[in-house]
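Asks: Take this structure, written in structure tokens, and hold onto it; I'll ask about it next.
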Amino acid sequence: MRGRASRNVVAGAAGKCSPQDSSMNATGVRMVTRSRSRGPGAGSRGGGEKAAPLWKGEAAAEGRKSPSPSRHRRKTQKLNVAYDREEEDTKPPRAPSWEPRDWRQQLLNIRAMRSGKDAPVDWLGVEHCYDSDAPPKVRRYQVLLSLMLSSQTKDQVTAGAMQRLRARGLTVDSILQTDDSTLGTLIYPVGFWRSKVKYIKQTSAILQQRYGGDIPDSVAELVALPGVGPKMAHLAMAVAWGTVSGIAVDTHVHRIANRLGWTKTATNSPEKTRAALEEWLPRELWGEINGLLVGFGQQTCLPVHPRCQGCLNRTLCPAARGL
Ligand code: SF4
């Protein structure tokens, strides 16, 4: 499963995975401009960094003062993941020293090609696989779980696994009470299902012990969980917490960015692509890129035999000539 354009905060959207979610189309994500590593007792999201208004009401409904699980915190692991620096809050955006020559027109073309919103990611993506009637922290857990299931797995397969899990009541406790064999049967045939059984169990135990059954609200803490990588963390921040913390780069985004020349030099990993894109792409577009390019990669810019003849970027794409 991959990311989407104009993500909805966990409040959801419709889809085959959870068709009842259609009433929950909601809030756009917000941009984060400061570090999220905090010590125990620190403000939940740092000054003006509160989540979308959705969460205030929901936190109150849960009897919590804050939507953050910070009171359960914890030791923050130091990780080599790029984050925004606090001083950037007060500085105007810097013009990038480099940007791809035709990126604006290429982006417009991709938006035009994606205007039908009819790629698998548009109706089976992570926004569509959680129970919109569940309590907020359960929904956030389901978002994280669907992301963990989604790596190396088609959206359709992830959605099917989520449906089977949800049919039994998908919470941290229910997963911890499910034996490994049964959990494996439920999530099969997602990619690397055996490893994912182990990671899901380990992560669920950590969430129960340290976060009261919720998920952490920082990239640093999310990527410290077993089986959670940077792409999942950024998508979880966007969908579960309504925060754009970085560009979520999966195999589609990585491939297409390189084909279009959106990285100054060729990159050989999604993380390097993320860093390269964040160097020049305006922040207000970060939340859009994943869903836009994932669907484009599913329908047009395929991994093998991309459909260049029907692509609006064929005259602007450096890779089109060689494909
Ligand atoms: S021209 Fe071909 S390789 Fe280039 S973006 Fe379009 S489909 Fe992808």
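The values are calculated or read from the model by the stated rules, or taken from the named source; none is laboratory data. Everything quoted here is computed from the prediction, not taken from an experiment. Using ideal geometry, Cβ is built from the backbone for each residue, glycine included, and neighbour counts are taken over all protein chains shown.
Asks: Go through the range 205-223 and give me each residue that's in contact with a Phe, Trp or Tyr (Cβ under 9 Å, 6 or more places away or on another chain) and part of a helix (DSSP H, G or I).
Replies: Leu207, Val219, Ala220, Glu221
Asks: How many of the residues in the range 100-124 are within 12 Å of the ligand (Cβ to nearest atom) and among the β-branched types (Val, Ile, Thr)?
Replies: 1
Asks: Could you give every pair whose Cβ atoms fall below 6 Å, whose first residue belongs to the range 285-309 and is at pLDDT 95 or above, and whose second residue is within 10 Å of the ligand (Cβ to nearest atom) and of a type in the set (Ser, Thr, Tyr), counting only separations of at least 6 or pairs across chains?
Replies: Arg307/Thr300
Asks: Taking the range 270-284, which residues are surrounded by fewer than 17 Cβ atoms within 10 Å (Cβ to Cβ) and without any contact (Cβ under 8 Å) to a residue 40 or more places away in the chain?
Replies: Lys272
Asks: Tell me the residue from Thr267, Thr251, Thr263 that is without any contact (Cβ under 8 Å) to a residue 24 or more places away in the chain, within 15 Å of the ligand (Cβ to nearest atom) and polar (S, T, N, Q), please.
Replies: Thr263
Asks: Go through the range 143-176 and report how many residues are within 15 Å of Val197 (Cα to Cα) and either among the aromatic types (Phe, Trp, Tyr) or without any contact (Cβ under 8 Å) to a residue 60 or more places away in the chain (or both).
Replies: Count: 12.
Asks: OK, next. From the list Ala134, Ala112, Ala159, which one is assigned to a helix (DSSP H, G or I), of a type in the set (Gly, Ala, Ser) and surrounded by fewer than 20 Cβ atoms within 10 Å (Cβ to Cβ)?
Replies: When all the criteria are applied, what remains is Ala112.
Asks: With the requirement that a residue be surrounded by fewer than 16 Cβ atoms within 10 Å (Cβ to Cβ), charged (D, E, K, R) and near the ligand (Cβ under 8 Å from one of its atoms), what does the range 291-323 give you?
Replies: Arg307
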